[in-house]
Amino acid sequence: MNVTREVILDLLPVYLAGEASPATRALVEEYLKQDAELAQRIRLQWADSLATAVPSALPPDLELRSLRRTRSLLGWQKWLFGLGITFTALSFSSEMSFGDGGIKEFHFLLRDYPVLFGTLAGLAVVCWVGYYVIRRRLRTT
């Protein structure tokens, strides 16, 4: 099979990025052995691009810290969601009494325990606000 220089030039970006399949790598390397001028141009261009590359100013453990922070936020989000549901359900607890073949009396516990209701409702609001703040922070664009 006769491979032209244009085909090799088309394959070079994939080859230089390291994303080429083994067969493509072998094909390009075999062609570069035959075409010394192209091989030399590629080596010079590769050396120039490495020399002008700016080293990263990011700390080496940035990805690990980001992963740990995201895991921590997800854990807090799960807990706040569960506690928000729990405190919401508890604040709307009710009492029913049956008699005479039906419901005799029904009322929310707010009537009998207003302080407890206020505490549970306040905790529910805090949990839901925390949950939505974390949810917004974790949202990606």
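The values are calculated or read from the model by the stated rules, or taken from the named source; none is laboratory data. None of the values given here were measured: they were computed from a predicted structure. Counting neighbours? That spans all protein chains shown, and the Cβs are built from the backbone with ideal geometry, glycine included.
A single entry from Leu116, Leu73 fulfils the requirement of being touching a residue at least 40 places away in the same chain (Cβ under 8 Å) and out of contact with any Phe, Trp or Tyr (no Cβ under 6 Å at 6 or more places or on another chain): Leu73. Just so you know, in region 89-120 the residues that are crowded, with 16+ Cβ neighbours inside 10 Å and at pLDDT 90 or above include one that is farthest from Trp79 (Cα to Cα), and it is Phe117.
Just one of (1) surrounded by 10 or more Cβ atoms within 10 Å (Cβ to Cβ); (2) not in a helix (DSSP H, G or I) fails for Pro60. It is (1).
Take Ser72 and tell me if it is in the same structural domain as Gly130 (by TED's automatic domain parsing) and loosely packed, with under 12 Cβ neighbours inside 10 Å. Here the answer is yes, as Ser72 does meet what is asked.
Right, Ala47: within 38 Å of the chain's Cα centre (by Cα) and either loosely packed, with under 10 Cβ neighbours inside 10 Å or at pLDDT 90 or above (or both) or not? In short, no.
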